[in-house]
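Each value in this text was obtained by applying a stated rule to the coordinates, not by laboratory testing. Model, not experiment: these values are computed from the prediction. Virtual Cβ from ideal backbone geometry, glycine too; neighbours counted across all protein chains shown.
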Amino acid sequence: MVRTYILLMYIAVLFGLPMQAGAQAAPVERLRIVGGLAAINQYTRHEEQFWTKELARLSGGRYTASIVPFDRAGVPGQEMLNLMKLGVVPFGTALLSQVSTQYPELGTPDMAGLSPDMATLRRVVAAFRPYLEKTLRERHGVELLAIYVYPAQVLFCQKPMTRLTDIAGRRVRVSGSTQGDFIRALNGTPVFTEFSELMSNMKSGNTECAVTGTMSGNTLGLHTVTHYIYSMPLSWGLAAFAANRDTWNALPADLRRLLHDELPRLESAVWAESERETGEGVACNTGADSCGRGSKGTMIEVQPSAEDQRRRQEILTTRVLTGWVQRCGPICADVWNQTVGPVVGTRAPATK
């Protein structure tokens with residue numbers, strides 16, 4: 001309890017917010033935003049530019065905003081949704097893989113092994129979005145404004161690998177529970193590590209492989225400490241950008257309309273960037289001529305075989321989905337079967 005209070009005090013001071021849970025703020029001209037991961041293009045080229053420049057231009061100078069990435073704001077990712085619900089963080093970005101440790105059903109659309117390509121991911125998110133909007137609004141007092149995505153989460157490894165099963169016996173950095181299930185199914189050892197600590201963890205020898213975004217890994221410098229990149233997307237890194245509902249309702253009506261019109265465009269730009277960077281990240285890590293804005297490495301790309309794709313589907317069905325339902329219970333099975341399951345043609349197992 002003391003630790004939670006200290007955290008709330010820190011964030012309240014950081015954002016200049018009142019320490020009253022769910023309090024309705026008066027209409028403001030300057031918004032305070034907690035954005036996505038720092039130092040990657042989805043944040044620097046899109047989120048940051050929109051809030052610090054485009055908002056003022058689009059509103060004729062009436063509204064402005066400041067933004068800080070959540071991994072540099074001292075905000076624990078697992079607590080982001082709760083802090084938005086309390087009103088301590090008025091506008092925030094919550095990684096679904098992180099908030100799903102407390103609310104497993106929210107991790108449904110980014111389960112490890114679920115979407116082997118962007119086209120599948122788009123169908124999965126479209127099927128899940130109505131449930132996410134309704135649940136955030138009614139259960140958490142939070143208004144969903146956008147869903148962001150990062151480049152495909154793939155494997156970076158130091159030692160040689162030629163197929164998916166080569167992960168056996170290796171310590172692998174993961175960022176969520178279903179990634180952990182996937183690695184365990186391959187007889188690897190998952191090591192849960194925050195994005196900001198990934199490089200130091202790899203350099204220390206605590207991990208031999210890491211699951212992270214193709215371009216995100218390049219930005220961090222993973223191509224300098226690993227030699228093989230296995231380019232099957234294990235997951236993608238979905239994030240919900242949302243607002244405390246009382247804060248949202250207290251905004252001037254014209255500002256709400258502007259954000260309703262413009263945030264879908266920001267979302268589309270982030271998705272297009274992530275799709276492009278999925279391929280360019282591989283190109284940069286391997287030193288291909290098509291590498292544009294990243295750093296060229298000398299990694300070897302390992303492409304998934306048909307057998308690897310069959311194994312991915314098997315692991316999703318028998319290990320990842322089963323483990324997730326066991327942890328979450330009937331609610332997750334129902335959510336899956338009503339949203340994502342029909343898209344991918346897989347039903348969740350019945351709970352006992």
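Charging the Cβ of each Asp and Glu at -1 and of each Lys and Arg at +1, and nothing else, the dipole of the chain about its Cα centre rounds to 420 debye. Give me the aspartates and glutamates in straight-line cross-link reach of Lys203: C-alpha distance below 16 Å, same-chain residues under 8 apart excluded. The reachable aspartates and glutamates, counting only those whose Cα sits under 16 Å from Lys203, are Glu194.
Close amide H pairs (under 5 Å, H built 1.01 Å from N) link Ile33 with Ser66, Ile67, Val68, residues at least 5 positions away or on another chain. Helix 306-315 and the long axis of the chain differ in direction by around 60°, with both axes built from C-alpha atoms. Antiparallel beta bridges, as assigned by DSSP with both residues in region 101-213, represent about 45 percent of the total such bridges. Residue-wise HN-Hα couplings along region 50-62, as the Karplus relation 6.51 cos²θ - 1.76 cosθ + 1.60 with θ = phi - 60° gives them from phi, are 4, 6, 8, 10, 5, 4, 5, 5, 5, 9, x, x, 6 Hz; Gly and Pro carry x.
With both residues required to sit in the chain, DSSP beta bridges show an antiparallel share near 55%.
Karplus-based coupling profile of region 281-287, in residue order and whole Hz: x, 5, 4, 5, 5, 9, x, with θ = phi - 60° in 6.51 cos²θ - 1.76 cosθ + 1.60 and x standing for Gly or Pro. Residues whose amide H comes within less than 5 Å of that of Thr189, counting only those at least five positions distant or on another chain, are Gly169, Arg170, Arg171, Val172 (H built at 1.01 Å from N in the peptide plane). Under the simplified labelling scheme, the Arg327-Arg137 pair shows an inter-label distance of 2.9 nm, with each label point 7 Å from Cα along Cα→Cβ.
The base-10 log of I(q)/I(0) for region 171-240, evaluated at q = 0.20, 0.28 Å⁻¹, reads -0.82, -1.58 [Debye formula, identical scatterers on Cα atoms, solvent excluded]. Scaled to the globular estimate 2.2 N^0.38 Å, the Cα spread of region 282-352, given as radius of gyration, is 1.66.
Taking amide H as placed 1.01 Å from N in the peptide plane, the amide H of Thr212 sits under 5 Å from that of Val154, Phe156, each at least 5 places away or on another chain. With a/c under 1.5 counting as rounded, go ahead and sort region 204-352 into rounded, prolate or oblate using the C-alpha gyration tensor (a ≥ b ≥ c being the square roots of the eigenvalues; past the cut-off, prolate if a/b is larger than b/c, else oblate). Note, shape of region 204-352 comes out oblate.
Within the same chain, lysines fewer than 8 places from Lys134 are excluded, and of the rest, those with a Cα less than 21 Å from its Cα are Lys85. Projecting the Cα atoms of Leu255, Pro233, Leu321 onto the charge dipole of region 225-352, computed from C-beta unit charges around the Cα centre, puts Leu321 farthest toward the positive end.
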